[in-house]
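See structure below.
Since every read-out is calculated from the coordinates, none of them should be taken as a lab result. Note that this is a predicted model, so its numbers are computed, not measured. Don't worry about glycine lacking a Cβ; one is built from the backbone with ideal geometry, like all the others, and counts go over all protein chains shown.
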Amino acid sequence: MRLAVRGVLACVSFVLLAISAAAQSTTLIVHHNANLREDHSTGSAINGHLIPGDELTAIDPAKSQGFWHVRAANGAEGWVYQTLVHVQEQDEIPTVPTTTGVATSVDPTWTKPPIAGSVLHGPSGQTCPADGEAGGDLETNKRKNRRDTPSSYHSVTFSALQSVPFPDASTDRKNWTVAQLAQIAPFEGIPVSVVGFIVAVKNQSGGGGEATDCHFNTTDFVDTHVALVATAGDGENNSIVVEPTPAFTRNTPRGSLPRSNH
């Protein structure tokens with residue numbers, strides 16, 4: 001899956017531009033415990049049981065009354081309800097795009113738009129301020145939670161992002177020295193766009209959550225980590241991770257975001 005990303009440099013919230021994928025497979029993947037029924041009705045006899053991960057072949061190209069007519073790996077045929085399965089996507093592996101007219105380095109003189117924060121309205125009526133939980137890494141959090149959209153972006157190569165100076169420092173920006181902050185200051189906040197390939201998508205639900213989102217930990221109120229690489233076939237260890245925030249995903253049309261493979 002190839003992804004074009006627009007974002008603000010050193011800020012992990014981003015705007016998804018395009019995802020190229022082909023979803024023309026007749027293979028269905030079970031994602032919830034399901035019954036394989038004799039007919040397309042919840043009242044019909046059960047021919048078998050399906051578990052998450054089972055692969056089914058669609059016998060008919062279209063659903064009937066919300067049911068898929070399918071064949072299981074063991075040859076058993078029957079009907080399964082549409083919400084319990086999804087169509088397996090076959091990703092196209094496009095050629096690496098040319099970089100003609102795309103900057104091979106990030107120019108520190110490019111304009112840096114002012115930050116506009118986004119308050120997160122969490123579960124049970126709770127709210128989380130734009131700079132995250134009090135006592136957290138506030139300067140990082142307000143950049144992750146920004147909601148402003150630049151009027152234009154600078155197209156850069158993947159290697160241009162990789163070559164931006166970054167200090168050998170703690171992961172908590174609040175603990176950085178003045179000298180360490182000075183390393184990223186010339187580049188931080190520049191709007192850029194880059195083309196890459198997705199190798200992993202991980203919704204950060206469960207666990208203790210992050211201070212960015214005031215430690216909310218349910219699916220709709222946490223960041224999603226998207227690992228982006230330069231070339232199809234590269235591993236996650238060579239990726240740049242971008243983090244769509246809950247506010248971003250909530251305002252993005254369903255189907256335009258990559259699904260989690262966590």
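Under 5 Å between amide hydrogens, built in the peptide plane, is the criterion, and for residue 48 it picks out 36 among residues at least 5 positions away or on other chains. Taking amide H positions as modeled 1.01 Å from N, with prolines and chain starts lacking one, the residues under 5 Å from residue 203 and 5 or more places away or on another chain are 225, 261, 262. Among the trypsin sites (Lys or Arg not before Pro) in the stretch 104-210, those placed in a DSSP loop whose Cβ has at most 15 other Cβ atoms within 10 Å are 147.
The H on the amide N of residue 192, modeled in the peptide plane, is under 5 Å from the matching H of 7, 8, 9, 154, each at least 5 residues off or on a different chain.
Assuming R0 = 25 Å, what is the FRET efficiency of residue 119 and residue 168, from their Cβ-Cβ distance, to the nearest 0.05?
It comes out at approximately 0.15.
Computed on the stretch 27-87, the Cα convex hull volume stands at 66 Å³ per residue.
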